[in-house]
Structure formats: structure tokens, C-alpha cells
Amino acid sequence: MFATLIKIRLHLQRNFCFLLQPYQIMTSVNLEAIFQSKIDDEVKIEPKDWMPDAYRKTLIRQISQHAHSEIVGMLPEGNWITRAPSLRRKLILLAKVQDEAGHGLYLYSAAETLGADRDELVQQLLTGKAKYSSIFNYPTLNWADIGAIGWLVDGAAITNQVMLTRTSYGPYARAMVRICKEESFHQRQGYELMMAMSFGSPEQKAMAQDALNRWWWPALMMFGPHDSESTHSDQASKWKIKRKSNDELRQNFVDVTVPQAEYLGLTVPDPDLRWNEERGHYDFGKINWDEFWNVVKGNGPCNRQRIQARTKAYEDGAWVREAAMAHAEKKEQRKLQPEAAVKAA
Amino acid sequence: MKKEWPLWEIFIRSKSGLNHKHVGSLHATDAEMALENARDLYTRRNEGVSIWVVESKHITASDPDDSDPLFEPARDKVYRHPTFYTVPDNVSHM
Ligand SMILES: [Fe+2]
Ligand SMILES: [Fe+2]
């Protein structure tokens, strides 16, 4: 009886809403207000909840770019798997790169909960319509680069991702929790590698320093433009997609990373870097934003190479994807076939 | 004849005695492949002892807009909770 009443009420709500026209404008205002109050109260937004179109679009863009970064991020490190200096290092690097593939997949499926289509997202990456983190457009020139990436690039990513574990969209936040658990291994293996190099022979130490010199500034750029220049940040923080500004995150990263470099006995390539007693933070030099935008626009050292590698992987895998689908369909039919065969006989 | 692999929802039992819990989703051609992919994607660090896979299209979810009529009726039934009843201090084991 009671269940029937509910059904009738739902039925009325769904099918006779045209009767409620005077309310419709109010309803959309209400929906927006309810949505914002949920966010203000720290209630997570879930896939089937009402959300403003712009929130959905912003998230699809951000989550898919994040996913693309994980996937493209496998390439610079993958470059060294066959040349890892020991079996131990090779196993570690393989596991790390495999994790990054996993991170990409968690994120693509989080984007799909918002109605995005996986194939379309991949196409956006391959056609250059979607961006990925610019850091992966730099080459890995010596073995210490693998250490520097784990320590600095994963380190910077963690700073950002820890914040995102509290982002307002449920599936994104949950993917971030899983990712952060895995990231700490990435950073530690990188730092351990840097220690092995920094405390090794003079040649090894020089390689470590060379890697730090090349990765330091691009790592700082990973946090994006200064707050004063950043276009999306106001709305993103009102919606609690982002809870800290680019500059805050960058400062956090510098503050924790500089002492780690000192421990290694390496020099951070920034003459203006010094501890500011008054602020309780490190001051650091000016970032070369021309370089940043140049890489974003596609003119970094490896942009073309990265997209070529992804396109080749996608195209070379096409027949496998199609064959697997055809095989599954055939298996499904075979399951039904014997019965049909018996009946026919 | 391009066709996207269907989407599957993945549930993992983290150790025996616990419920299967939703962990995320993935694409696979069939249930068997979904299980294999789930093993690789969601249990790389002993996160599970058992996996369930369900094709996403088979899941029916309640509409968040219906949550009032659905869940409101339980809200005012405080007498369903043990804290609704007072038991004298000198009465124990209850
Ligand atoms: Fe990652
Ligand atoms: Fe990582």
C-alpha cells in the first residue's frame, strides 16, 4: 500500500511536471542552490545527482586531462625499462609504470560516470584537442632522470592529488584516494634512486645533479600559472573541485622538497632560492612562463613524439580490440546455439 | 564496425568475512575478461580475495530526486533504535 503511494507520487512528479510550469524557473534556481549548499556542507556530489552543466563540463575536462597525463606519463619512464641497471630496478620501474596505466584507467572511468565516452576522450588526446601535463613533454636523458621523475614529478603530483582526495565529486575523490596510496611508493623509489646516485661515484652524482637541473623548473610549472593569471580557479574553488590555489600548492612543494635536495647534497638550480624567516617559507626565483606556454602549445622537446607513440599504440591495438569483441560475441552465440541445434533436430 | 567494449562495475571482497565493495569500473568484452582486467587493475597489492563483475547496464540505481519519498518514512521512526528506550542504571546486560 505504502509502496504504491510512493510510486504514484513519483509517477506524478515525473509525468505531470508540465503542470508545474510556473515553478520551473524557480526549480532550476533551487537546484543550483541545493547543489551549492551540498558543496558548502561537504556533501559529495554523486553521478546521478543534479549538477550544473558547467560543473559537469569542468570535471570531464579536468579528469580526462588528468587521465591523459597518467597515460602519456608512462612514456618518458617506459623509455628506460629495457635499460634499467639491475633486475631490482627493472621490476620497480615496471611496477611503477603499470601503476600509472592503472591511474589513467581509474580516472577515465571516473570521467565516464559523468557521461563522457571513453573512445571520444581518447580521440581528444590523439587529435590534440585535450591537453595533458606538460612535464611529460621533456625527455629522459640519463638514468638519474628516472629517480628525479619519481622524486619531483610524482612528488608534485602527490601535492596536487592529496588535495584532490577531498574534491567535491565523489568518484573523482575516491579515485584519488586509491591513487595517492600508490603514489607514495612512486616517490620513495625515486628518492631512493636519487640517493644511490648522489652518494655514488662522482660521475653518478653528476648525473643526479644534471637530472635535478633539468626537472626542477618543469616540476614547479606542473602547478600551473600564478593565481593572478589563472582563469578557472575562482569557480573551481567555489565548487570545491580545487581547495588550494596553484601558488599555495607550489609553495608547499618547494618547502618540503628543498630540504630533501639538501640531504642528497645536490644544488637546486635557482640562485634566488632562500629561506624567508618572516614568511616561514622558501622564496624562489621567477618561473619561465614563456617556456611553459611554448610547451603547452605543442613546441616542447617531445610533444610530437608522445602523441605519435600514443597514436601508434592505439592504431596497432585496433585489430586486437575488434577481434576480442568479435570473439566474445561468437562465444555468446555458441552458448545459445547448442539448444537451438537440439530443437532443430 | 567499430564497437566500444562494454563497461563493467567491479566489486571486491578485501578479506574473507567482509562484504564485496564497489571499487570502480572498467571496459571488457565479456565477464571473463572483466574478471581478468579487474585482477590487474584493482588488486595489484593484495586488495582482494574475491571479485564480482557486473555489466554496468544491469545495475538499476535509485534516483537521487526520489530519495525523500524513499527514505523519509524511516526517518521519524525513532522507536526502531535501542536508544529510544531508557533502561534503569541498575539493570545490566541490556
Ligand atoms: Fe600516477
Ligand atoms: Fe605516479
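The values are calculated or read from the model by the stated rules, or taken from the named source; none is laboratory data. Model, not experiment: these values are computed from the prediction. Cβ sites come from the backbone with ideal geometry, for glycine too, and all protein chains shown count toward neighbours. Just the protein is used for accessible areas: all its heavy atoms, side chains included, with ligands, DNA and RNA removed. Shrake-Rupley method; radii C 1.70, N 1.55, O 1.52, S 1.80 Å.
Key figures for this structure:
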{"quantity": "Test: residue in segment A:51-66 that is closer than 14 Å to A:Ala173 by Cβ, without any contact (Cβ under 8 Å) to a residue 60 or more places away in the chain and open to solvent by 50 Å² or more (accessible area, probe 1.4 Å)", "calculated": "no"}
{"quantity": "Some residue of segment A:259-271 being over 23 Å from the mean Cα position of the chain (by Cα), in a strand (DSSP E or B) and of a type outside the set (D, E, K, R)", "calculated": "no"}
{"quantity": "Residue match in segment A:186-209 (condition: within 15 Å of the chain's Cα centre (by Cα) and within 16 Å of ligand 2 (Cβ to nearest atom))", "calculated": "yes"}
{"quantity": "Selection within segment A:278-305 - open to solvent by less than 20 Å² (accessible area, probe 1.4 Å) and of a type in the set (A, V, I, L, M, F, W, C)", "calculated": "A:Ile287, A:Val295, A:Cys302"}
{"quantity": "Candidate set: segment A:127-147, residues that are touching an Asp or Glu at 6+ places or on another chain (Cβ under 9 Å) and part of a helix (DSSP H, G or I); chosen: the one farthest from ligand 1 (Cβ to nearest atom)", "calculated": "A:Ala144"}
{"quantity": "Complete set of residues in segment B:24-39 that are open to solvent by 10 Å² or more (accessible area, probe 1.4 Å) and more than 8 Å from chain A (Cβ to nearest Cβ)", "calculated": "B:Ala31, B:Glu32, B:Leu35, B:Glu36, B:Asn37, B:Arg39"}
{"quantity": "Residue list for segment B:58-86, restricted to those being more than 16 Å from the chain's Cα centre (by Cα) and surrounded by 10 or more Cβ atoms within 10 Å (Cβ to Cβ)", "calculated": "B:Asp63, B:Pro64, B:Asp65, B:Asp66, B:Ser67, B:Asp68, B:Pro69, B:Leu70, B:Phe71, B:Glu72, B:Pro73"}
{"quantity": "From A:Val153, A:Val162, A:Val97, A:Val72, residue being open to solvent by 30 Å² or more (accessible area, probe 1.4 Å) and either within 14 Å of ligand 2 (Cβ to nearest atom) or of a type in the set (A, V, I, L, M) (or both)", "calculated": "A:Val162"}
{"quantity": "Hits in segment A:282-321 (condition: free of Cβ contacts under 8 Å to residues at least 40 places away in the same chain and not in a helix (DSSP H, G or I))", "calculated": "A:Tyr282, A:Asp283, A:Gly285, A:Lys286, A:Gly317"}
{"quantity": "Helices (runs of 4 or more DSSP H) wholly inside segment A:43-119 containing at least 3 residues that are within 13 Å of ligand 1 (Cβ to nearest atom) and within 14 Å of chain B (Cβ to nearest Cβ)", "calculated": "A:53-72, A:87-112"}
{"quantity": "Close pairs from segment B:50-76: first away from every other protein chain (no Cβ under 12 Å) and touching a residue at least 12 places away in the same chain (Cβ under 8 Å), partner open to solvent by less than 50 Å² (accessible area, probe 1.4 Å) and of a type in the set (Phe, Trp, Tyr), Cβ under 6 Å, at least 6 apart", "calculated": "B:Trp52/B:Phe11; B:Val53/B:Trp8"}
